[in-house]
Structures are given as C-alpha cells and as structure tokens.
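Here's the structure, in structure tokens; my notes come after.
The values are calculated or read from the model by the stated rules, or taken from the named source; none is laboratory data. Owing to the predicted nature of the structure, the values given are computational and were not obtained by experimental measurement. A quick note on method: Cβ atoms are made from the backbone with ideal geometry, for glycine too, and the neighbour counts reach across all protein chains shown.
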Amino acid sequence: MAPGLTVLLLSLLLGLQPITTDLYLPALPLLTEGFGASMVQAQLTLTALLLAFGLSQLIWGPLSDRFGRRPILLIGMSAYVLASVASTLSSTMEMLILWRTLQGAAMGAGVMCARAIVRDLYTPAQGARVMSKGLSGLGLIACLSPPLGGLLSDLFNWRVSLLTLAIFGAVSLGLVALRFEESLPKKNMQALQTSNLLRTWLLILRNPTFVAFSALSTASYGCLFTFLASSSFVFIKVLGLSTTHYGMLVFSMAFSYLMGTFLCRYLLNRFDVRQAVAIAGVLSLSGGTIAGVLALLGYHSAWTIMPPFCLFMLGHGIQMPCSQSGVVGPFPQSAGAASALNGFFMMLAAFLIGNWLGTHMDGTIFPLVYGIWFWSAMIALIAWTLVQRQGKRSAH
C-alpha cells in the first residue's frame, strides 16, 4: 500500500475510539434525563463500551496473528456498523448499554489491527513516526467529534449523534474492503493454541519494554478518560455551559492533542524515544499540577481547567505514539497479541475509573481535577523511571 493510504487507514481505524466516545459526550446529560436514568447507568454507556473494547482485543489479537489483519477488520467493522445502527434505535437505557457494549467489542478489532499493522510494516523507530501521523489523523477526528456532537444534539437529538457513528464505520469498512492489502507477512499458525497463547502472553508480560510502555500508555489514557467520563457533567451541570460551548472546549483539548502529535515528530527527529517521553512528562505533570493548585485555591471555571488540561494534552500527543509503538516493538511475530494486551490494560483502567467517577461525582469540579492531577503525576513517574531504565538497557 502507498504510505499515504496507510496513514489514512490508520487514522480512520484509530479514530474509531475518539469518535465513538467523544461524539455523544455533549448529549450524555440530556440522554440520561430523557431515559430517566441514573448517573451510574449513564457512565455504563461509556465504561461498558470500553471494557468490552479492552476484553475483545484479547480475542481479536491472536485471531489476527493467525488469520491476518484483513479478515478480522472486515468482520469487526461490519459488526461495528450494525451495533451503531442498533444503538440509534434503542428504546431504553438498558438496550443502549447493551448495544454500546457490542459496539465496543467490534471497535476493538479496528484499533487493535491498526497498532499491529504499524509493526507489520515498519521497524520500531519508524513505527513511532508513522504512528504519530496516524494519531494526527485521530487528533483531527477527535477535534471534530465534540463540536459536531454538540451541534447535532442542539439541532436534532442524541440519536442523530449515534447514527453518525454508523456512517463513519461504513466509510471505514468500505476503505478496508476496497483498498487494504494484507499487511501480515507471515501468519502464525500456532497463535490460537491455548498453550502457545498463554506462553506468548507470559513472554509479553515479562518483557520490560512492554511493561514500561504499556504502563505509560495506560496512565496517559487514564488521565484522558477521567476527563472524558466526567467533563460533560462538570462543565454543563456544575459550571452551566451549553452543549455547544462544551463541544468547543473539548475541541480545544483535541486540537492540543493534534499539536502534540506534530510536536512528537519534531522531537523524534532530534531525540530518541526515551528523551521525547521524558520531555512529555514535564508537560503532563505541569498541566495536572496547575489545574489542581488552581482548584485548591478556589478558582472554579472552564478557564482554570481547560488551559492546564490542554498543556497535558500536548504531552499526551507525544506519549501515545511513542508508547503504542513501543509496546509492539519487541514482538514482530506477535504484534497482535502485544497490541491486544496493551489495549486491554488501558480499557481496564478506564472501566475502573468510570465506575469510581459514577459514585464519586459530587456536584463539584474536584473529582475531575484531582483525577487529572493524580494521573499526570503517575505519567511523569513512569516516563522518568521505567521508560528511562528501559532506554538505557536497550542502549547497552
């Protein structure tokens, strides 16, 4: 495949995650009121989706190592479109949660294969740069999703937002069917044997490079998810913003992430991955600390939360390309399994965070701000210790 086509495909497949989670966020409070549902049920439309997303990758990964990326993408993307249509037609909150869960499981095939494709086609060093380009496309999709979701909710209703996901999935499915050429150079015929699969997972989990970069990506996504799961209630219900205004705030966050992916490529042209990650740790910790200190001092507004969080998102745009390329780097024959385990850990963290937020949202900004502060500190700690030690070990 031409490099431009590869980047476009990666952008759409990786972009499944932000568009599926972000597009309906502005409508989440209204959707919750419309169904007469509780805060816990509202969080389940997101956390159940992400738990299914994480668990499904443990299945999709070995399947793609055995049968190839193309058939898994075709099956997964077809299921995503069907689940998106069914979500749009849901008549109860319970049905919506069910179809969103199935949507998350199908989404796992697209995102997992995207990460594995990078390892199929590129060396780890090249993969970080290519991944940053694909994540720039993801950043663009993430920029457009919240304001579009807010606009659709204001003009129509939440069902139109979910129908948009079906259209996006159908476009992605069409590109895979018509243009994607199998990227896996050699299928692993033993990938699905139970003993071999357990041995592969154990080998991956014991690899210090995987541990370092998987911990980094999990902490970085944990901070982002804390924002995604709580920000619509904080900004709309606590601070009194409109859904459209909220969508524009999330746009600024996503735009900062997009700029971070460009900054990532700039840094990788001048430093190695370990140094780039360390620099990003400074941005992450600075953003979280500023937001936390301002909240403690009594400054509670969108202007005291969003600019610091955008600083964090600049760092996130560096951490994610480096970490997601890093986790599959040591495993050219098992890139699907490594990608799946990493995805599972990120989504398990998201599920736990979502459940915690569902019971601790107290009508203030503190659960959001303290969550961001905590995860930013964890990111810096991992970036400055685990990743640095692994980088030095690799250098020797």
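Take residue 50 and tell me if it is assigned to a helix (DSSP H, G or I), in contact with a Ser or Thr (Cβ under 8 Å, 6 or more places away or on another chain), surrounded by 24 or more Cβ atoms within 10 Å (Cβ to Cβ) and not aromatic (Phe, Trp, Tyr). Spelling it out, residue 50 is indeed assigned to a helix (DSSP H, G or I), in contact with a Ser or Thr (Cβ under 8 Å, 6 or more places away or on another chain), surrounded by 24 or more Cβ atoms within 10 Å (Cβ to Cβ) and not aromatic (Phe, Trp, Tyr). Scan region 200-219 and tell me whether some residue there is closer than 26 Å to residue 365 by Cβ and either out of contact with any Gly (no Cβ under 7 Å at 6 or more places or on another chain) or surrounded by fewer than 23 Cβ atoms within 10 Å (Cβ to Cβ) (or both). Checking region 200-219: at least one residue is closer than 26 Å to residue 365 by Cβ and either out of contact with any Gly (no Cβ under 7 Å at 6 or more places or on another chain) or surrounded by fewer than 23 Cβ atoms within 10 Å (Cβ to Cβ) (or both).
Report yes if residue 100 is within 17 Å of the chain's Cα centre (by Cα) and at pLDDT 90 or above, otherwise no. Let's see the steps before the verdict.
Details: within 17 Å of the chain's Cα centre (by Cα): yes; at pLDDT 90 or above: yes.
Answer is yes for this residue.
If you go through region 313-364 and keep only what is hydroxyl-bearing (Ser, Thr, Tyr) and either surrounded by fewer than 24 Cβ atoms within 10 Å (Cβ to Cβ) or in contact with a Leu (Cβ under 7 Å, 6 or more places away or on another chain) (or both), you end up with 323, 359, 364.
Would you check which residues across region 90-104 are more than 15 Å from residue 18 (Cα to Cα) and either touching a residue at least 24 places away in the same chain (Cβ under 8 Å) or of a type outside the set (A, V, I, L, M, F, W, C) (or both) and list them?
To start, the set of residues in region 90-104 that are more than 15 Å from residue 18 (Cα to Cα) comprises 90-99, 101-102.
Residues satisfying the conditions are 90, 91, 92, 93, 94, 96, 97, 101, 102.
Of all the listed residues (216, 249, 202, 241), the sole one being more than 15 Å from the chain's Cα centre (by Cα) and either at pLDDT 90 or above or over 22 Å from residue 43 (Cα atoms) (or both) is 202.
Being closer than 21 Å to residue 18 by Cβ, polar (S, T, N, Q), surrounded by fewer than 18 Cβ atoms within 10 Å (Cβ to Cβ) and in contact with a helix residue (DSSP H, G or I) (Cβ under 6 Å, 6 or more places away or on another chain) is a property that holds for residue 244.
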